[in-house]
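Student: The structure is given below, and queries will be raised subsequently.
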Amino acid sequence: MLRVCVRQVRAMGGTMSVSGLSSLTAFEQAVGQTPLLRLRGASEAAGCNVYAKAEYANPGGSVKDRPALSMILGAERDGHLVRGEEGVIVEGTAGNTGIGLALAGRALGYKVLICIASSQSQEKKDMLRWAGAELVEVPPVPYADPNNYVHVAARLADAIANKLPVNSFYANQWDNLDNRAAHASTTGPEIMRQIADAERSRDGEPGVVTAFSAAMGTGGTLTGVAEALRAANPHVHIALTDPHGAGLYRYYTEGELKAVGSSISEGIGQNRITGNMVGFEPDAAHEISDADMMLALEILQSCDGLAMGTSSGINVAGAIQVGRELGPDANVVTILCDVGARYAGKLYSPNFLRSVSLTPPPWIDEDDAGLGPPWS
Ligand code: PMP
């Protein structure tokens, strides 16, 4: 892959030297230090401050760039990948981790092989290919089925490790603790610093994070941020905001890991305890319907000018619920995971939304001629 980089630089008339290749990639420089945004609409709806970490501002466009980079650097630390030598990264993904791995991996000189369920959005699959990943698409079957994308990815990784004479690395974001560590060492501390400044009192006392809430896919974000926040303040309130019908909500409230419904949200709604979740207990769990997710996405758009993806809608709807419970003095923080354009074929399509019994926002609903665009 680095040969491609050298060739392209030379095609532009440059000379690519060894020292050029050993400097930090722009991807590495751009990951993290994302803005913390006070959400005007969600704060009004909750009756307290609702803040969100703008993780869509990472270079691959999602909250998963931090763990993607952290897992690659961990693989180099542990000797599975060697900088400057050929290497293959294999991963199963709902899309975003794969995009981070593909962008960072290629820039660092590795090939990236991604296994993904065909039900994931076309936009993410297109982006993965453009980012240079090789894609293996499998039917969307439950985790218990041996043909689930997670198991296919693990088998591909095994086959590559046993057959190919190159370095290889199965990222395994679910059980790889470099995922959680990325959020414990960067996202969590950034949130605390940003709230300290944003909510500093008149007499100079730093602002305090009252609560953090988010949905879980691998669990890396919620468990990692919770680890950092709890280490600084054992009283901080940590809440899971699960899509309606997903298994973890029932696990944390009733002790039974059982999914009873489905959601159009992607990348969240886990039905097992991953390695990153072991030892973690939230203080509360909330279940968020897709209708409330849509409402939160509409509030984000019409009150704050943010067009976000499905899991961001679940997170913001959840943060509003948490805020209402905690009262007017709370500073509730959540995550804006990625942008809505990554789900355009679903979120921006009135026909798709109606086909899953969701009401399109009035300004894109062609049948709703009376309302028109949001400024009317
Ligand atoms: N939102 C989106 C869009 C995601 O892709 C993911 C990860 N699959 C998450 C949220 C959940 O993040 P985590 O894996 O850290 O729990």
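The values are calculated or read from the model by the stated rules, or taken from the named source; none is laboratory data. Keep in mind that this is a model prediction, so the values were computed, not measured. As a convention, Cβ positions derive from the backbone with ideal geometry for all residues, glycine included, and neighbour counts pool all protein chains shown.
Student: Would you check which residues across the range 268-292 are basic (Lys, Arg) and either at positive phi or not assigned by the TED database to the domain that holds Ile335 (or both) and list them?
Tutor: Within the range 268-292, none qualify.
Student: Suppose we filter His237, His244 for residues that are more than 15 Å from the ligand (Cβ to nearest atom) and in contact with a Gly (Cβ under 7 Å, 6 or more places away or on another chain); which single one remains?
Tutor: His244
Student: What's the number of the only condition in (1) among the polar types (S, T, N, Q); (2) within 23 Å of Thr334 (Cβ to Cβ); (3) crowded, with 19+ Cβ neighbours inside 10 Å that Ser185 fails to meet?
Tutor: (3)
Student: Still on this structure, I have one more. Given the residues Gly98, Gly105, which is the only one that is within 30 Å of Val141 (Cα to Cα), buried (at least 24 other Cβ atoms within 10 Å of the Cβ), assigned by the TED database to the domain that holds Pro139 and within 16 Å of the ligand (Cβ to nearest atom)?
Tutor: So the residue among Gly98, Gly105 that is within 30 Å of Val141 (Cα to Cα), buried (at least 24 other Cβ atoms within 10 Å of the Cβ), assigned by the TED database to the domain that holds Pro139 and within 16 Å of the ligand (Cβ to nearest atom) is Gly98.
Student: Another question, if that's okay. Restricting attention to helices (runs of 4 or more DSSP H) lying wholly within the range 279-371, give those where 3 or more residues are small (Gly, Ala, Ser).
Tutor: It comes to 290-304, 310-326.
Student: Of all residues in the range 58-74 being of a type in the set (Gly, Ala, Ser) and under 16 Å from Phe169 (Cβ atoms), which is farthest from the ligand (Cβ to nearest atom)?
Tutor: Ranking the qualifying residues of the range 58-74, first place goes to Gly74.
Student: Identify all residues within the range 106-135 that are over 22 Å from Lys346 (Cα atoms) and without any contact (Cβ under 8 Å) to a residue 40 or more places away in the chain; write none if there are none.
Tutor: Matches in the range 106-135: Val112, Ile114, Ala133, Glu134.
Student: Still on this structure, please answer the following. So, in the range 302-320, exactly how many residues are in contact with a helix residue (DSSP H, G or I) (Cβ under 8 Å, 6 or more places away or on another chain) and either surrounded by fewer than 20 Cβ atoms within 10 Å (Cβ to Cβ) or at pLDDT below 95 (or both)?
Tutor: 4
Student: I would also like to ask the following. Only one residue in Thr218, Thr223, Thr241 is assigned to a strand (DSSP E or B) and not assigned by the TED database to the domain that holds Gly92, so which one is that?
Tutor: None of the others qualify; the one that does is Thr241.
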